[in-house]
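Trainee: Just passing along the structure, written as C-alpha cells.
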There are 2 protein chains.
Amino acid sequence: LEDALCELLGEPIKVSAAGRTDAGVHASGQVVSFMSFRNFPFERLSLALGSLLPPDVGVRDTAIVEASFSARFSATERTYVYAIHNRPERAPLTARYAWHVWRPIQVARMQAAAPALIGEHDFRSFCGILPDNDITVRRISQLRIEARGDFIRIEITAGGFLHRMVRTIVGTLLECATGRRDPAELPVILRARDRRAAGCTAPPNGLYLAGVRYGDGYCSYGEPPIFRWGTTVS
Amino acid sequence: LEDALCELLGEPIKVSAAGRTDAGVHASGQVVSFMSFRNFPFERLSLALGSLLPPDVGVRDTAIVEASFSARFSATERTYVYAIHNRPERAPLTARYAWHVWRPIQVARMQAAAPALIGEHDFRSFCGILPDNDITVRRISQLRIEARGDFIRIEITAGGFLHRMVRTIVGTLLECATGRRDPAELPVILRARDRRAAGCTAPPNGLYLAGVRYGDGYCSYGEPPIFRWGTTVS
C-alpha cells in the first residue's frame with residue numbers, strides 16, 4: 001500500500017493502520033491513514049490504487065480527514081470476528097477462511113465461559129508478546145458467540161487488544177467447548193497472569209479485523225464473506 | 001485421489017468422476033466411483049484418505065455400490081452453481097470463489113434472458129471443444145438466477161453439459177445484464193450454432209459442481225460455502 005501510494009503521489013508515504021493483522025489474518029474492515037502534501041484528486045484514489053495494488057489488497061473507500069486524525073490512535077474500538085468450521089470431514093473450500101475443527105463443539109459451553117472475559121481485566125494470560133509499556137489491562141465491551149449451521153461465529157470488541165489475544169481467547173474457549181476444560185476455569189486463568197494458564201492459540205486463517213470505530217461515530221464495519229448471509233441456514 | 005487410493009488399497013485404481021471440473025473450477029458435490037477387489041474397511045475410508053490427500057481435496061462420505069454403478073455414466077442430472085460478486089471495489093476475500101464484476105448488474109435482465117435456454121436445445125453456440133460424437137443437443141431442466149446482497153447466484157441443472165457450456169452461458173447472460181446485449185437475443189444465439197455468436201467465457205473461479213443426481217434417488221448436493229447462509233442478508 002505504501003509503495004502504491006508513493007508511486008501515485010510521488011513522495012514517500014508512511015501509513016498508520018487501525019488494527020494488527022498478523023500473517024494469515026484477514027481484514028474486512030481495516031482503516032489506514034496517511035499524510036500527503038500533494039493535490040491528488042482523492043475521489044479517484046480507490047480506482048487508481050486498484051491498478052497498482054497486489055490482488056490480495058483492496059481499497060473500499062477514501063476520505064480526507066483532519067491533520068490530527070490517525071487511523072491507529074484515533075480509533076476507540078476494534079471488532080474482530082473469528083470463524084470456525086465444525087464438521088468431521090475436511091473442508092477445502094473454507095480452509096483459508098475458517099478454522100476447521102473436526103471434533104464436535106458444544107457452543108453452549110463456549111457461551112458459558114465467555115461472560116467472565118467481558119469488562120476490564122488483566123489479559124496477561126492471553127498475551128503473546130508483551131507490549132513495550134507492559135500494560136496488559138484491556139476492556140472487552142462485547143463478546144458474542146453463535147452457531148450458524150456448521151459454522152461458529154465469534155465476535156469480540158474492545159478498545160484495544162494484546163498480541164494474539166483474540167486467537168488465544170478463541171483457542172481457550174474451544175478447549176471449553178470440546179470438554180477439555182471447564183467453562184468455570186476462565187476467572188482462574190485470568191488471575192494466573194501467565195500465558196501457560198490459557199489454551200492454545202487458534203490459527204490465523206479464521207480471524208478477521210472486521211471493524212473499527214472512531215470518536216466521531218465513523219465505523220468501518222465489513223462482515224467477513226463467510227458470514228454474509230444473515231442467520232437463516234439454507 | 002487415485003494415488004491415495006492406490007496407496008491404501010495396494011492396487012492401481014482408476015476413478016470415474018460424475019462431472020467435469022476444469023482448472024480453477026470448484027466442486028462441492030462431486031461424486032467419484034472406482035472398483036477394487038481388496039477387503040478394505042470402507043467405513044474408515046474417508047478418514048484414511050484424509051491423511052493422504054492434498055489439502056485442497058476432501059472426501060465427505062463413502063458407500064459400497066453395485067458393480068454396474070459408474071459415478072459418471074449412472075448420473076442422470078448435474079447441477080452447477082455460479083457465483084458473481086458484484087461491487088465497484090475489489091473483493092480480495094472472495095476472489096478465488098466468485099467472479100468479481102465491478103459494472104452494475106441488472107439481475108432482471110439476466111432473468112429475462114434465461115428462459116430461452118431452458119429445455120432441449122442445440123447448445124453448439126455455447127460449446128468450447130466439441131464432443132467426440134459431435135452431438136451438442138442438451139436439456140437444461142432448471143436455470144435459476146437470484147441476487148443475494150451484492151452476490152448473484154446462478155444455478156443450472158441438466159442431464160449433461162458441453163465443454164465450458166455453463167461458463168459461456170454465464171458470460172452471455174452477464175452481457176445481457178450489463179446492457180451490452182439484448183435478452184431477446186438468446187434464441188438467435190442458439191440458432192446460430194456458432195461459438196462466436198455467444199458471449200465471453202466466465203472465469204472458472206466462480207463455478208462449482210454442486211450436485212449430482214442418480215436414478216435411484218441419491219443426490220450429492222453440497223451448497224458452495226459462499227452461499228451457505230440462506231437468503232437473509234445481514
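The values are calculated or read from the model by the stated rules, or taken from the named source; none is laboratory data. Computed from a prediction, not measured in an experiment: that's the story for all the values here. Please note: Cβ atoms are built from the backbone with ideal geometry, for glycine as well, and neighbour counts cover all protein chains shown. Accessible surface areas use protein heavy atoms only, side chains included; no ligands, DNA or RNA. Shrake-Rupley method; radii C 1.70, N 1.55, O 1.52, S 1.80 Å.
Trainee: Kindly provide the set of residues from the range A:86-101 that are more than 9 Å from every other protein chain (Cβ to nearest Cβ) and open to solvent by 50 Å² or more (accessible area, probe 1.4 Å), ordered by number.
Mentor: A:His100
Trainee: While we're here: Evaluate the following for A:Ala71: is it in a loop (DSSP other than H, G, I, E, B) and either among the hydrophobic types (A, V, I, L, M, F, W, C) or touching a Ser or Thr at 6+ places or on another chain (Cβ under 7 Å) (or both)?
Mentor: Taking the combined requirement at face value, the residue satisfies it.
Trainee: Across the range B:93-105, what is the number of residues that are under 22 Å from B:Ile140 (Cβ atoms) and over 18 Å from the mean Cα position of the chain (by Cα)?
Mentor: So the answer is 1.
Trainee: Taking the residues in the range A:164-200 that are in a helix (DSSP H, G or I) and among the small types (Gly, Ala, Ser) as candidates, determine which candidate is surrounded by the most Cβ atoms within 10 Å (Cβ to Cβ).
Mentor: A:Ala177
Trainee: Quick one: is B:Phe73 more than 30 Å from B:Ala95 (Cα to Cα) and surrounded by 15 or more Cβ atoms within 10 Å (Cβ to Cβ)?
Mentor: no
Trainee: Name the single residue, out of those in the range A:76-85 being surrounded by 17 or more Cβ atoms within 10 Å (Cβ to Cβ) and not small (Gly, Ala, Ser), that is nearest to the other protein chains (Cβ to nearest Cβ).
Mentor: Here the answer is A:His85.
Trainee: Considering every residue within the range B:51-61, establish whether at least one is on the phi < 0 side of the Ramachandran plot, assigned to a helix (DSSP H, G or I) and in contact with an Asp or Glu (Cβ under 9 Å, 6 or more places away or on another chain).
Mentor: No: the range B:51-61 contains no residue that is on the phi < 0 side of the Ramachandran plot, assigned to a helix (DSSP H, G or I) and in contact with an Asp or Glu (Cβ under 9 Å, 6 or more places away or on another chain).
Trainee: Now a separate question. Select from the range B:36-65 the residues that are in contact with a Ser or Thr (Cβ under 9 Å, 6 or more places away or on another chain) and among the acidic types (Asp, Glu) and write down the one among them that is most open to solvent (accessible area, probe 1.4 Å).
Mentor: B:Glu43
Trainee: While we're looking at this one, here's another question. Need pairs with beta-carbon distance below 9 Å; first residue under 11 Å from A:Met165 (Cβ atoms) and among the charged types (D, E, K, R) and within the range A:120-148, second open to solvent by 70 Å² or more (accessible area, probe 1.4 Å) and part of a strand (DSSP E or B); sequence gap 6+ or separate chains.
Mentor: Within 9 Å, the pairs are A:Arg138/A:Glu120.
Trainee: If a residue must be modelled with pLDDT of 95 or more, more than 16 Å from B:Phe123 (Cβ to Cβ) and open to solvent by 20 Å² or more (accessible area, probe 1.4 Å), how many such residues does the range B:201-224 contain?
Mentor: Of the residues in that region, 4 qualify.
Trainee: Given the criteria hydrophobic (A, V, I, L, M, F, W, C) and within 15 Å of the chain's Cα centre (by Cα), does B:Ala48 qualify?
Mentor: Spelling it out, it is not the case that B:Ala48 is hydrophobic (A, V, I, L, M, F, W, C) and within 15 Å of the chain's Cα centre (by Cα).
Trainee: Then there's this: If only one of A:Ala83, A:Ala27, A:Ala71 is farther than 20 Å from A:Cys219 by Cβ, touching a residue at least 24 places away in the same chain (Cβ under 8 Å) and within 21 Å of the chain's Cα centre (by Cα), which one is it? Outline the logic, then answer.
Mentor: Details: A:Ala27 fails: farther than 20 Å from A:Cys219 by Cβ; A:Ala71 fails: farther than 20 Å from A:Cys219 by Cβ.
Result of the check over A:Ala83, A:Ala27, A:Ala71: A:Ala83.
Trainee: Here is a further query. Just to be sure I understand the filter: pairs with C-beta atoms under 7 Å, separated by 6 or more residues or on different chains, first member in the range B:100-116 and in contact (Cβ under 8 Å) with a residue 60 or more places away in the chain, second member in a loop (DSSP other than H, G, I, E, B) and open to solvent by 90 Å² or more (accessible area, probe 1.4 Å). Which pairs pass?
Mentor: none
Trainee: Moving to a separate point now. Could you please find all residues in the range A:126-163 being of a type in the set (D, E, K, R), within 14 Å of another protein chain (Cβ to nearest Cβ) and open to solvent by 30 Å² or more (accessible area, probe 1.4 Å)?
Mentor: A:Arg144, A:Glu146, A:Asp150, listed by residue number.
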